[in-house]
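Structure first, commentary second.
The values are calculated or read from the model by the stated rules, or taken from the named source; none is laboratory data. All values reported here derive from a predicted model rather than from experimental measurement. Don't worry about glycine lacking a Cβ; one is built from the backbone with ideal geometry, like all the others, and counts go over all protein chains shown.
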Amino acid sequence: MKRVLVVNCFKRDDYAEDFNRAISRGLGQVAGHSVRMTDLKMALNLMPFSHLIISGSETSALDDYPWTVLLETLVRKWVNAKKPVLGICYGHQFLARVLAGISSVRRAVIPEFGWADVSLEPCALFGKMKQLSVMVSHYDEVFGLPEEDFTVFAETSQCAVHAFQYRNLAVWGVQFHPEYGPKEAEFIFQQVKRSDPAAEKWFIGTPPQPGELAHCQQIFNNFLAM
């Protein structure tokens, strides 16, 4: 029986609630159990769960927080157990930090906000999809991953590592947000613009047409099938 542990790394309650709604939609009929990153001790027992998803965050994967060590412990336990893991945005960067070292995460030369056309390589996570128009919102990025341990499967013109797989395991990171729809994305974009007016110059793309994000659901389906 599949049961997904979702680690919600958002500090703001409204961000956390929006993510929980969005990820529940992505999981469909599969049961999910969400915990905040500040309450990880109860999540260190892997036995009740089949899959792990680590969310985005308004914090930086370059910084340390009171919960960083426990989250790193959780990641290593899942990877060592060879159970499926999906890191989204901050989760993607945090996986790289743990598995490749913090030197593989940096402040992006050009941050991405808005709707990006992501080029994909065929793989177990993306199936045969070659391109995806999807929501992006990040100041940090992954780069310079060791080729002997990581395979990169997605990129944009501004970010060379939009998705990776670790050691042929079911351990995946995606920089973009397959979980969010236009309404949730617009809420986040407005918050970014309020907190950082300079971010306006980094916004790209236009909101997708109805049904255009349907391919994102296939990513979750493929992950849950692992």
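A few remarks follow.
- Filtering segment 29-60 to residues that are within 25 Å of His162 (Cα to Cα), out of contact with any Leu (no Cβ under 9 Å at 6 or more places or on another chain) and not basic (Lys, Arg) leaves Ser55, Gly56, Ser57, Glu58, Thr59, Ser60.
- Tabulated pairs, segment 68-79, first under 10 Å from Leu44 (Cβ atoms), second surrounded by fewer than 20 Cβ atoms within 10 Å (Cβ to Cβ) and of a type in the set (Lys, Arg), C-beta under 9 angstrom, 6+ apart or interchain: Leu70/Lys41; Lys77/Lys83
- For Cys89, the conditions (1) out of contact with any strand residue (DSSP E or B) (no Cβ under 6 Å at 6 or more places or on another chain); (2) at positive phi; (3) buried (at least 16 other Cβ atoms within 10 Å of the Cβ); (4) not hydroxyl-bearing (Ser, Thr, Tyr) all hold with the exception of (1).
- Subset of segment 20-30 that is farther than 16 Å from Ile219 by Cβ and either surrounded by 13 or more Cβ atoms within 10 Å (Cβ to Cβ) or at pLDDT 95 or above (or both) - its residue that is nearest to the chain's Cα centre (by Cα): Asn20
- Residue list for segment 117-151, restricted to those being of a type in the set (Val, Ile, Thr), buried (at least 18 other Cβ atoms within 10 Å of the Cβ) and either touching a Leu at 6+ places or on another chain (Cβ under 9 Å) or over 20 Å from His215 (Cβ atoms) (or both): Val118, Val134, Val142
- Looking only at residues of segment 115-154 that are small (Gly, Ala, Ser) and under 25 Å from Phe203 (Cβ atoms), we find that the one that is nearest to the chain's Cα centre (by Cα) is Ser137.
- Residue count for segment 102-114 under the criterion of being under 14 Å from Trp202 (Cα atoms) and β-branched (Val, Ile, Thr): the result is 2.
- Contacts under 7 angstrom Cβ, first residue in segment 36-50 being surrounded by 16 or more Cβ atoms within 10 Å (Cβ to Cβ), partner among the aromatic types (Phe, Trp, Tyr), 6 or more apart: Met37/Trp67; Leu40/Trp67
Rundown of residues vs (1) touching a residue at least 60 places away in the same chain (Cβ under 8 Å); (2) of a type outside the set (A, V, I, L, M, F, W, C); (3) touching a Lys or Arg at 6+ places or on another chain (Cβ under 7 Å), yes/no style:
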position	(1), (2), (3)
His92	yes, yes, no
Gly101	no, yes, no
Val109	no, no, no
Ala116	yes, no, no
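- Pair list, Cβ under 7 Å, 6 or more apart: segment 194-218 residue more than 25 Å from Lys130 (Cβ to Cβ), other residue β-branched (Val, Ile, Thr) and part of a helix (DSSP H, G or I): Ala199/Val192
- Flag for Ala170 being under 25 Å from Asn20 (Cβ atoms), in contact with a Leu (Cβ under 8 Å, 6 or more places away or on another chain) and small (Gly, Ala, Ser): no
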